[in-house]
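Notes to accompany the following structure.
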Amino acid sequence: MTESNPPAQPEELRRRILFYLGEELNRGVDHPHLHAIADALNETEGDIRRQSEILGYQGLVELRWYIGGGALVELLPKGKLEIEKMAEEFQHSADYASVNWRGQEYQFNRNQATCVRLLHEAWLEGTPHLSGHYLLTTIEGAVKMSGLFRDHPAWKELILPLTNPKASYRLNLPPKIPLYSPQSSPNTPEKRP
């Protein structure tokens, strides 16, 4: 969190924490540290701790505290189901010219719709990030992604430019997580007080 990045609203921050945990689980990291989540989301560790505790009270995550006050955060099965429900918030027309996301309807021109379709297809395949180079070579006449979506309300809301990997893009959708993946097996380490 910086002056140019004001603190997120609590509900939105909890949503972002769940998304991050889902992405980490897909990468094989089943218990990220609070400080790693704070760094990745560009928020304070205190804010991440408070919102993770609320997610814990809701039964979506479990915090595993260790000496020194830090904690590991584990995404629980109920949290995975919540991510799946959030994924259903994205609906589109056959040509992607009209998209409804989180109750907001967006209209796209042909090139914009092609970009959204490509990003959505990548997300459905479980590989949500696409390079700007790939997108721009696939879309006729587009020179820059920011130019393609200039002044469009979906830019940086639904369509996210990424800094890591650089010049990559994705839809603001939760990661696709298998409900019963090897990382969610019941043989997780015992809780320690």
Return one number: the angle in degrees, 0 to 90 and rounded to the nearest 10, between the long axis of the Cα atoms of helix 10-26 and the longest principal axis of the Cα atoms of the chain. 90
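Could you size up the charge dipole of segment 1-93 around its Cα centre, putting +1 on the beta carbon of Lys and Arg and -1 on that of Asp and Glu, and report it in debye to the nearest 20?
Values: 10 positive and 17 negative charges, 42 e Å.
Dipole magnitude for segment 1-93 comes out near 200 debye.
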With every protein chain in place, the chain: carbon and sulfur % of accessible area (1.4 Å): 51
Amide H contacts under 5 Å for His92, placed H, 5+ residues apart: Asn100
Using Cα atoms only, what is the angle between the long axis of helix 77-87 and the major principal axis of the chain, expressed in degrees (0 to 90) to the nearest 10? 20
In whole Hz and in residue order, list the ³J(HN,Hα) couplings for segment 53-62 that follow from phi through the Karplus curve 6.51 cos²θ - 1.76 cosθ + 1.60, θ = phi - 60°; x for Gly and Pro. 5, 4, 4, x, 4, 7, x, 8, 9, 10
Count the lysine pairs in the chain that are 8 or more places apart or on different chains: how many have C-alpha atoms under 19 angstrom apart? 7
Expressed per residue, the solvent accessible area of segment 1-105 in Å² (1.4 Å probe) is about 52
Can you compute the charge dipole magnitude of the chain about its Cα centre, using +1 on each Lys and Arg Cβ and -1 on each Asp and Glu Cβ, nothing else charged? Give it in debye, rounded to the nearest 20. 160
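The values are calculated or read from the model by the stated rules, or taken from the named source; none is laboratory data. Model, not experiment: these values are computed from the prediction. Because the Cβ atoms are built from the backbone with ideal geometry, glycine has one as well, and the counts that use them run over all protein chains shown. The area values use the complete protein model at the heavy-atom level, side chains included, leaving out ligands, DNA and RNA. Shrake-Rupley method; radii C 1.70, N 1.55, O 1.52, S 1.80 Å.
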